[in-house]
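Contents: one structure, followed by commentary.
The values are calculated or read from the model by the stated rules, or taken from the named source; none is laboratory data. This one's a predicted model, so the numbers in the text were calculated from it and none came from an experiment. With ideal geometry, Cβ positions are generated from the backbone for all residues, glycine too; neighbour counts draw on all protein chains shown.
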Amino acid sequence: MAIPSDAATRLSSVKTFLNRDEHLAALLRLYPALYRTSDTDPFVISDHPVTTANAFPYGDRGLNSQGILVFLPISPEFSIALHCPTIGKRYELADSASLADDRMERILQHRAGLRSGDPIDIDSDTTLYLNHQQIAQSARYLYAAADNFRGTREFLREQPDLRSVTTHIHAGEMGGPPPQRPQMPAGTHLVIHGPFDHGMLEILEIDENGEGLTARTSQIALLAQMAADTGLLRVELYFGGRCRRIMGQAMIEPVGDSTDGWFRVVHRDPSLRALDNQLRYSRS
């Protein structure tokens with residue numbers, strides 16, 4: 001686990017650039033847009049100018065992660081913004097959603113920009129968030145068109161650990177569960193990842209004696225949408241923002257009357273499902 005030399009680090013960077021086809025394919029699936037800020041709230045940029053975020057509290061920051069957002073400021077006024085296709089899908093369905101007026105207005109504005117390619121005007125809070133991402137994901141230097149870093153200094157006073165960045169990778173303790181996701185809501189939730197979509201169900205009750213993961217939710221429509229996915233699903237069960245159970249290559253089956261919200265997550269492969277049942281019976 002020796003620290004690599006400068007020469008080895010540079011060679012690794014060159015190899016990554018030469019093998020960039022995988023990154024290219026991941027970026028080409030994203031929907032491009034142009035964000036425009038006001039003159040009073042310009043963008044800053046850092047020595048790590050391409051930043052990533054996720055629109056969902058359970059989302060990861062890999063380029064192939066569902067819900068991913070990629071930002072690159074190209075001037076004090078404009079920033080390129082690449083959106084996961086699932087975000088665009090939710091924008092298209094916004095008319096049928098029950099949202100507050102201000103949020104609906106913002107979503108419709110973003111949807112229009114994604115459709116037309118015209119710049120999307122963002123508010124000062126969004127600009128501040130994007131600038132904070134530049135600070136948090138930088139390595140050493142920040143740049144701006146004007147010598148005004150008052151907001152940066154205030155943010156660093158609030159987050160002093162960002163003054164000395166040693167790594168952007170955070171892992172849980174060896175042998176322990178993954179680290180807690182601070183943006184996840186309290187309570188019990190089931191996150192479902194499908195080939196083309198994803199969602200999060202609030203879990204009201206779990207049947208410990210049921211097959212696979214048997215649970216109940218009040219989100220009947222979302223449950224039906226997730227269950228209709230014919231591909232392999234990956235599910236993550238969260239308690240208080242911490243992932244406690246993961247199941248891959250799975251599918252969702254309703255249990256009893258669909259209006260009751262009971263369902264089970266089981267392996268799609270019959271042999272794996274039979275093995276899981278055999279192990280469950282042997283434990284009981």
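General observations
- Filter result for GLY212 (under 27 Å from SER98 (Cα atoms), touching a residue at least 24 places away in the same chain (Cβ under 8 Å) and not assigned by TED's automatic domain parsing to the domain that holds ILE87): no
- Filter result for VAL70 (over 19 Å from GLU105 (Cα atoms) and either small (Gly, Ala, Ser) or at pLDDT 95 or above (or both)): yes
- Looking only at segment 230-255, residues that are more than 19 Å from GLU202 (Cβ to Cβ) and part of a loop (DSSP other than H, G, I, E, B) come to 3 in all.
- Screening the candidates ARG29, ARG36 for the property of being in contact with a Pro (Cβ under 8 Å, 6 or more places away or on another chain), at pLDDT 95 or above and among the basic types (Lys, Arg) yields one hit, ARG36.
- Any hit, segment 29-36, residues being among the hydrophobic types (A, V, I, L, M, F, W, C) and either in the same structural domain as ARG245 (by TED's automatic domain parsing) or in contact with a helix residue (DSSP H, G or I) (Cβ under 7 Å, 6 or more places away or on another chain) (or both): yes
- Scope segment 106-156; condition of a type in the set (A, V, I, L, M), under 17 Å from THR37 (Cα atoms), touching a residue at least 40 places away in the same chain (Cβ under 8 Å) and part of a helix (DSSP H, G or I); matching residues: LEU114, LEU128, LEU130
- Filter pass, LEU63 being within 28 Å of LEU190 (Cα to Cα), in the same structural domain as ARG140 (by TED's automatic domain parsing), in contact with an Asp or Glu (Cβ under 9 Å, 6 or more places away or on another chain) and surrounded by 15 or more Cβ atoms within 10 Å (Cβ to Cβ): yes
- Of the residues making up segment 1-56, those that are exposed (fewer than 10 other Cβ atoms within 10 Å of the Cβ) and assigned to a loop (DSSP other than H, G, I, E, B) are MET1, ALA2, ILE3, SER5, ASN19, ASP39, THR40.
- Residues (within 21 Å of the chain's Cα centre (by Cα), among the small types (Gly, Ala, Ser) and either outside any helix (DSSP H, G or I) or closer than 18 Å to ASN54 by Cβ (or both)) located in segment 87-105: GLY88, ALA97
- In segment 85-119, the residue that is nearest to GLN66 (Cα to Cα) out of those that are modelled with pLDDT of 90 or more and among the small types (Gly, Ala, Ser) is GLY88.
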